[in-house]
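Undergrad: First the structure, then my questions, so here it is.
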Amino acid sequence: MASALSGQGLEELRQFLRPAHTVVFMGPSGVGKSSLINRLYGEEIQATIEVRECDAKGRHTTTWRELIQMPDGGLVIDTPGMREFQVWLAEESGPPTFPDLDEMAVRCHFRDCTHTVEKRCAVREALERGEVDRGRYESYLKLRHDLDYIAEERRQHTYLARQRATKVAHQKAEDARYRRLAAGDESQ
């Protein structure tokens, strides 16, 4: 966690700001991306707006992406706020995020275990024994849910794309047959 106001986490962020490296600040509107960049830069280079007093929420300020060269030579990209992030191609992104929980999951009684309600679930049993932190378990479930959702979206997208391709192929065949008939070539 990092805070432009308190300075918490700034030294950890600075470790990423090295010459020939680019860091992208992404997140919801009003969380303080531009404020963090200002604090890391050492002066107010990005526009910011004070937090609303009525609900203590930040407000949307950045309206375009901007590449900023930091004094130490690193590059930072400030982005407008985003409403949603999704994990894409997670299975191809490198090492698993929860290797310990994935290893436990192999020992579950059911191959399609959701790790939520099933009996003889190795992950839940480890949670109940205190071997797994509840926050980590919940993050694991959320990531699995997101990946399942994305996989279903891909399946649906692939199915619809195949249906469209089949329709287009049939239409092209019909068009070709019509042209042959119109040209008087009825042999084909």
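Undergrad: What is the sum of charges, Lys and Arg at +1 and Asp and Glu at -1, for the other residues whose Cβ falls under 12 Å from the Cβ of residue 142?
TA: -1
Undergrad: If you average 1/r across every pair of different Cα atoms in region 102-181 and take the reciprocal, what Kirkwood value do you get, in Å?
TA: By the Kirkwood definition, the hydrodynamic radius is 16.1 Å.
Undergrad: For every other residue with a beta carbon closer than 14 angstrom to the beta carbon of residue 105, add +1 if it is Lys or Arg and -1 if Asp or Glu, then tell me the sum.
TA: -2
Undergrad: While we're here: Starting from 0.36 nm per residue, how many nanometres of slack lie between residue 181 and residue 26 once their C-alpha separation is accounted for?
TA: In short, 49.9 nm is gained.
Undergrad: Take the Cβ-Cβ distance between residue 67 and residue 171 as r, set R0 to 41 Å, and report the resulting FRET efficiency rounded to the nearest 0.05.
TA: 0.35
Undergrad: Which value, in Å², gives the accessible area per residue of region 112-171 when a 1.4 Å probe is used on the protein heavy atoms?
TA: So region 112-171 comes to 76 Å² accessible per residue, rounded to a whole number.
Undergrad: Further question: What is the gain in length, in nm to one decimal, between residue 103 and residue 148 on full extension, counting 0.36 nm per residue of separation less the C-alpha to C-alpha distance?
TA: Stretched fully, the residue 103-residue 148 segment lengthens by 14.4 nm.
Undergrad: Separation between the residue 77 and residue 11 pseudo-spin-labels, each 7 Å from Cα along Cα→Cβ, expressed in nm?
TA: 3.0 nm
Undergrad: If you stretched the chain out fully between residue 134 and residue 1, how much longer would it get, using 0.36 nm times the residue separation minus the C-alpha to C-alpha distance?
TA: Value of the extension gain: 46.0 nm.
The values are calculated or read from the model by the stated rules, or taken from the named source; none is laboratory data. Here the structure is a predicted model, which means the values were calculated and not measured. Note that each Cβ is placed from the backbone with ideal geometry, even for glycine, and that neighbours are counted across all protein chains shown. With ligands, DNA and RNA removed, areas are computed over all heavy atoms of the protein, side chains included. Shrake-Rupley method; radii C 1.70, N 1.55, O 1.52, S 1.80 Å.
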